[in-house]
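Data block below; observations after.
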Amino acid sequence: MTKFVTALTVVFMLVWTCGVRAEPVVMTTTSPMADLIVLYKSERKLVLFNNTTVLRSYEVDLGDQPVGDKMAFGDGRTPEGTYFIDRMNPNSAYHLSLGISYPDENDRAEAEALGVDPGGDIFIHGGPTRFWDHFKRDWTAGCIAVTNREIEEIWSMVQVGTPIVIVP
């Protein structure tokens, strides 16, 4: 009975703390700053470059409809094209997040031609906060997700203005 109560307590604590957000711990790195980020969607790979040298590579999760370019709010797709990091959010619901400049003028024009809202708020961010999302592939609403430890590393190597190229 004691083992059962202990196991039940551990499970309860794990489930209860999944929604609790700790203050982010931002890592520092001795690596050079990234001057380019490339996301290879079909490979689920995010790569940070300095000049032509690969600094780091990360496995990612994408939107829940990962194939194709983002066209409209709520479509679950990750945009494709050339953007830049336009903001850094240390108070993200997903540990830390780096904002991507989607939608740009072309995205807005394409959405307007289709009569839809292009959506927005696309980020590179940390891992899921909901317990069940830890077991899913491509669980975001269109963002690019890495682990919390990885977003800390990326955060320390990227600054506002860094270009990001997102390819199919």
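A few comments on the model shown:
- Label-zone membership for the stretch 152-167, site residue 36, 7 angstrom Cα→C-beta point, backbone N under 15 Å: 162-167
- Net +/- balance of residues flanking residue 163 in space, Cβ distance below 13 Å, scoring K and R +1, D and E -1: -3
- Phi angles of the stretch 84-91 translate, via the Karplus equation with coefficients 6.51, -1.76, 1.60 and θ = phi - 60°, into HN-Hα couplings of 8, 6, 10, 6, 10, 10, x, 10 Hz per residue; Gly and Pro are given as x.
- Taken over the Cα atoms of the stretch 29-167, the convex hull encloses 100 Å³ per residue.
No lab work stands behind these numbers, since they all come straight from the coordinates. In this text, all values refer to a predicted model and were calculated from it rather than measured experimentally. In this analysis, Cβ positions are derived from the backbone assuming ideal geometry, glycine residues included, and neighbour counts consider all displayed protein chains.
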